[in-house]
Amino acid sequence: MKNILKIRVAVMILGTIVVAGLSAYRSLGQAGRGQTFRLDGGDVTYEFGVNERGELQAIYWGEKLGAHDAVVAAHSMPEMASFDSPGTTTPQEYAAWGAGLFTEPGLKISFADGNRDLVLHFVSSHATAGNYEILMKDISREIRVTLRYSMDAESGILARSAVIENRDKAAVVVEQAAAAQWTLPAARYTVSYLTGRWGGEWTLNQEPIQGGSRVIESRRGSTGHQANPWFAISRDDSGKTVGPLSAGEEHGEVWFGALAWSGSWRITVERTQLDAVRVTGGFNPFDFGYKLNPGEKMETPIFYGGYSNHGLGGASRLLHHYELVHILPTAPNPKPRPVIYNSWEATEFRVDEAGQEALAEKAASIGVDRFVMDDGWFGQRKDDHAGLGDWYVNKEKFPNGLKPLIDKVHSLGMDFGLWVEPEMINPDSDLYRKHPDWVLNFPGRPRSESRNQLVLNLARPDVRDYVEGFLDKILSENDIAFLKWDYNRNWSEPGWDAVPVDEQKKVYVEFVGNLYAILADLRKKHPKIEIESCSGGGGRVDLGILRYTDEVWPSDNTDPYDRLSMQNGFSYAYTPQVMMAWVTDSPHWGNNRATSLTYRMLSSMDGSLGIGANLNKWSAEDFATAKRLIAAYHAVQKTIVQGELYRLISPRDGSEFSATESVSGDRGQAVVFAYADATIQGRGFPLLELQGLDPDARYKLAFIEGKALSGTLETASGDWWMHHGISLDLRGDFQAASFRLDREK
Ligand code: GLA
């Protein structure tokens, strides 16, 4: 009898839930059914709408449509088979996991009562110029999701993100949260993405998009060297000119995106069973779990997406410009980077006042703008075994503090920069002896070290305050123009035992949030400070960190030949403005390759130039060469780092030649770099047909380094340079040339 009662009560309760669910579903009513949304910017149109089921559905993303073309209303897919229900085949703008969704979800949530079904329907929209905020809600529960869309009028790049809010009575756990999902027209495609490793970042991979998923990700707590949160998808079919595996550089349709997040991230490129291509990106769901108490909300990073019908070259030019004008902290007018000197490769940890001053004098003599002291100046830092965490000046190396060195650097006409690695700690440090609980760890488990260091748990408020405090103090007490902010390992044992168990996984989000907050605060308190994001090279390069930092260190590998292919890969996603490139010593420490100073200079001048060689070993001739080329660089730097980049000849896939061209925004100037890395069987350097010039203007040729074969005009039309082209006299191994074209007034 008792049991029967129990069952009856259970049935009643169940009934109430079902009815409550249905009535809530009805209460959403027919909100927005058939409503459509359209965003236009640059050469791009983006459309989505509410289908007859109430889901927000992708409609169109691509070449700009006619201004008066009506948006066709969204209709969910018909049921193709019992295995392919509309719930999974309809391309939703932001699909929640529930109701039989088998493709990649945008959002997955666990409720306290064990329910894990979530179905988002449209509630309302709010529009301002170029922006939409779309409110969605679960069909029965008070989970609200606001999708944000912001289209840049100039480039057509769309910024998308989501805010997830729990208005239910109990806590929920967000197990997966994308920033956005993108849907492409059903077609055949090639996907491009960047992978790498320490010392070998920025490899461009290209492969056809096949059925299934290609996942690029970091589970490391930070962006990572191994993959970068950027993708481009080139259309292969329908006579749109790009062939399989040969995504066109200057022609064809390309969709691209970049995720602004410096923590663990994931981008999934999926070709569904019905050949729809979708891209989902956001927090990495691996080991993810973000608890939202009633009334709390969380915000995803921004996922930027764009479209170009000028190939991968067009796509990267749009991104570069967008980064300069919208992302960088000094946008829309970031200054070209000062030419820096950094002694890391010359002296490593052996820094002291006299040694640094001697190098500073030599650096100033060749026209360097900024002198940066790298690792080794603080705590008991003699090598990488000790000192991280103890951010006081080492008295043996700098008995009178940093001031004498900084004054000396200023007197030489340069400003001063300093290396820091704020989020790290050596167990051999006063800080660790005092606060062993401050590191990421699982109590009772080993604390795995890398480079003899552990990661401070920046999610903790006390750690956050400590880090911001010491940086603020250093910047307040010293006249410092620049910080090289390093980060030399990835996470292990990512525990945060100071908070309740069900809050601990928030570390993935809070850590990065605090990093951004510290950077933002420091920039506010010290408005002149400039910052480089370095992570053992290019381990933390993404559009998230670039909102707070002025430049990045692409790789610890400074070999000028290796750099050419890395710089090429880097340029697909990021502007040369932020790409620091140092000239270091030959033979190179990493591979024993010997190259001329001229070749090294030109390889680095093809980005934001720095000098990292041991100047104590330079000859008078070396100083003269560097001085001449730094002056030449200064004269055209803006065009190189902020112009329109054309990758004329790719250095990838074993090519013995490569060339880049940068054209200033007003098309008044072009700067070309060309490299012959090997001359095989006497083959000459390929004809260079330039791009992006004003066809009718007349341009005058001037060589920065090297020369042309005879038969080149000195002054000719843009048409001539673009179609007749120029043949360089460039032969041998690791030879480089550079020239500029200036429009005649
Ligand atoms: C990292 C950086 C280098 C240098 C060292 C110092 O490896 O990428 O440029 O600053 O740390 O320890």
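The values are calculated or read from the model by the stated rules, or taken from the named source; none is laboratory data. A quick note: this is a predicted structure, and the numbers were derived from the prediction, not measured. Backbone-built Cβ (ideal geometry, glycine too); neighbour counts: all protein chains shown. Protein only, heavy atoms only, side chains kept; ligands, DNA and RNA dropped before computing areas. Shrake-Rupley method; radii C 1.70, N 1.55, O 1.52, S 1.80 Å.
Among the residues of the range 151-160, is any within 30 Å of Val455 (Cα to Cα), open to solvent by 40 Å² or more (accessible area, probe 1.4 Å) and not aromatic (Phe, Trp, Tyr)?
The answer is no; no qualifying residue exists.
With the requirement that a residue be in a strand (DSSP E or B) and over 20 Å from Lys506 (Cα atoms), what does the range 436-470 give you?
Within the range 436-470, Ser450, Gln453 meet the criteria.
Can you tell me how many residues in the range 123-138 are more than 18 Å from Ala178 (Cβ to Cβ) and under 32 Å from the mean Cα position of the chain (by Cα)?
Residues flagged as more than 18 Å from Ala178 (Cβ to Cβ) and under 32 Å from the mean Cα position of the chain (by Cα) within the range 123-138 amount to 7.
From the list Thr183, Thr146, Thr190, pick out the single residue that is β-branched (Val, Ile, Thr) and at pLDDT below 95.
Criteria check complete, one pass: Thr190.
Condition first: in contact with a Gly (Cβ under 8 Å, 6 or more places away or on another chain), farther than 21 Å from Glu154 by Cβ and open to solvent by 10 Å² or more (accessible area, probe 1.4 Å). Now tell me which residues in the range 35-71 satisfy that.
Once the filter is applied, which keeps residues that are in contact with a Gly (Cβ under 8 Å, 6 or more places away or on another chain), farther than 21 Å from Glu154 by Cβ and open to solvent by 10 Å² or more (accessible area, probe 1.4 Å), the range 35-71 yields Gln35, Thr36, Glu52, Gln57, Ile59, Val71.
Go through (1) assigned to a loop (DSSP other than H, G, I, E, B); (2) within 22 Å of Gln356 (Cβ to Cβ); (3) of a type in the set (Gly, Ala, Ser) for Ser604 and report which single condition fails.
Failed condition: (1).
Can Ala702 be described as among the hydrophobic types (A, V, I, L, M, F, W, C), open to solvent by 10 Å² or more (accessible area, probe 1.4 Å), modelled with pLDDT of 95 or more and under 21 Å from Ala626 (Cβ atoms)?
Here the answer is yes, as Ala702 does meet what is asked.
Would you pick out the residues in the range 189-208 that are farther than 18 Å from Gly305 by Cα and buried (at least 18 other Cβ atoms within 10 Å of the Cβ)?
Gly196, Gly199, Gly200, Glu201, Trp202, Leu204
Pairs under 9 Å by beta carbon, first residue free of Cβ contacts under 8 Å to residues at least 12 places away in the same chain and farther than 10 Å from Ile704 by Cα in the range 620-639, partner open to solvent by less than 60 Å² (accessible area, probe 1.4 Å) and assigned to a helix (DSSP H, G or I), six or more apart or different chains?
Once the first residue is free of Cβ contacts under 8 Å to residues at least 12 places away in the same chain and farther than 10 Å from Ile704 by Cα and sits in the range 620-639, its partners that are open to solvent by less than 60 Å² (accessible area, probe 1.4 Å) and assigned to a helix (DSSP H, G or I) give Glu621/Leu597.
Within the range 61-94, count every residue that is more than 21 Å from Leu120 (Cβ to Cβ), at pLDDT 95 or above and in a strand (DSSP E or B).
So the count comes out to 2.
Tell me whether the range 499-515 contains one or more residues that are away from the ligand (no atom under 16 Å from the Cβ), more than 22 Å from Phe286 (Cα to Cα) and either touching a residue at least 24 places away in the same chain (Cβ under 8 Å) or surrounded by fewer than 18 Cβ atoms within 10 Å (Cβ to Cβ) (or both).
no
Can you name the number of the only condition in (1) more than 15 Å from Ala363 (Cβ to Cβ); (2) outside any helix (DSSP H, G or I); (3) open to solvent by less than 40 Å² (accessible area, probe 1.4 Å) that Ile640 fails?
With respect to (1) more than 15 Å from Ala363 (Cβ to Cβ); (2) outside any helix (DSSP H, G or I); (3) open to solvent by less than 40 Å² (accessible area, probe 1.4 Å), Ile640 is out only on (2).
With the requirement that a residue be among the charged types (D, E, K, R) and under 26 Å from Trp491 (Cα atoms), what does the range 171-220 give you?
The answer is Glu175, Arg197, Glu201, Arg214, Glu217, Arg219, Arg220.
Checking Asn400 against (1) away from the ligand (no atom under 16 Å from the Cβ); (2) in a loop (DSSP other than H, G, I, E, B); (3) crowded, with 16+ Cβ neighbours inside 10 Å; (4) of a type outside the set (Gly, Ala, Ser): exactly one of these is not met. Which one?
(3)
Of the residues Gly314, Gly367, Gly306, only one is modelled with pLDDT of 95 or more and in contact with a His (Cβ under 8 Å, 6 or more places away or on another chain); which?
Gly367
Determine, yes or no, whether Arg464 is closer than 30 Å to Ala363 by Cβ, more than 16 Å from the ligand (Cβ to nearest atom) and open to solvent by 10 Å² or more (accessible area, probe 1.4 Å).
no
Scan the range 156-180 and report the pairs whose first residue is of a type in the set (Ser, Thr, Tyr) and whose second residue is modelled with pLDDT of 95 or more and in a strand (DSSP E or B), with Cβ atoms within less than 6 Å and a gap of 6+ or a chain change.
Ser161/Arg148; Ser161/Ala179; Ser161/Ile302
Only one residue in Tyr561, Tyr548 is away from the ligand (no atom under 16 Å from the Cβ), at pLDDT 95 or above and touching a Leu at 6+ places or on another chain (Cβ under 6 Å), so which one is that?
Being away from the ligand (no atom under 16 Å from the Cβ), at pLDDT 95 or above and touching a Leu at 6+ places or on another chain (Cβ under 6 Å) holds for just one of Tyr561, Tyr548, which is Tyr548.
So which residues in the range 479-498 are of a type outside the set (A, V, I, L, M, F, W, C), under 30 Å from Pro404 (Cβ atoms) and either touching a His at 6+ places or on another chain (Cβ under 9 Å) or more than 16 Å from the ligand (Cβ to nearest atom) (or both), if there are any at all?
Asp479
Return the total of residues in the range 518-545 being part of a helix (DSSP H, G or I) and open to solvent by 30 Å² or more (accessible area, probe 1.4 Å).
Here the count works out to 5.
For the range 343-377, how many residues are in contact with a Pro (Cβ under 6 Å, 6 or more places away or on another chain) and open to solvent by less than 10 Å² (accessible area, probe 1.4 Å)?
Of the residues in the range 343-377, 1 are in contact with a Pro (Cβ under 6 Å, 6 or more places away or on another chain) and open to solvent by less than 10 Å² (accessible area, probe 1.4 Å).
So that you can scan it fast, the table gives a plain yes or no per residue for (1) on the phi < 0 side of the Ramachandran plot; (2) part of a strand (DSSP E or B); (3) not β-branched (Val, Ile, Thr):
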| site | (1), (2), (3) |
| --- | --- |
| Ser140 | yes, no, yes |
| Ser150 | yes, yes, yes |
| Ile164 | yes, yes, no |
| Arg197 | yes, no, yes |
| Gly200 | yes, no, yes |
| Gln210 | yes, no, yes |
| Ser213 | yes, yes, yes |
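For the range 118-131, which positions are part of a strand (DSSP E or B) and open to solvent by less than 40 Å² (accessible area, probe 1.4 Å)?
Leu120, His121, Phe122
Can you tell me which residues in the range 264-298 are touching a Phe, Trp or Tyr at 6+ places or on another chain (Cβ under 6 Å), farther than 17 Å from Glu207 by Cα and either of a type in the set (Lys, Arg) or in a strand (DSSP E or B) (or both)?
Gly281, Met298
Name the single residue, out of those in the range 336-368 being farther than 22 Å from Ile531 by Cβ and acidic (Asp, Glu), that is farthest from the ligand (Cβ to nearest atom).
Only one residue tops the list, namely Glu361.
How many of the residues making up the range 378-389 are open to solvent by less than 10 Å² (accessible area, probe 1.4 Å), in a loop (DSSP other than H, G, I, E, B) and away from the ligand (no atom under 11 Å from the Cβ)?
Total satisfying the criteria: 2.
Counting only residues that are of a type in the set (Ser, Thr, Tyr) and open to solvent by less than 20 Å² (accessible area, probe 1.4 Å), which one in the range 90-117 is nearest to Asp168 (Cα to Cα)?
Result: Tyr94.
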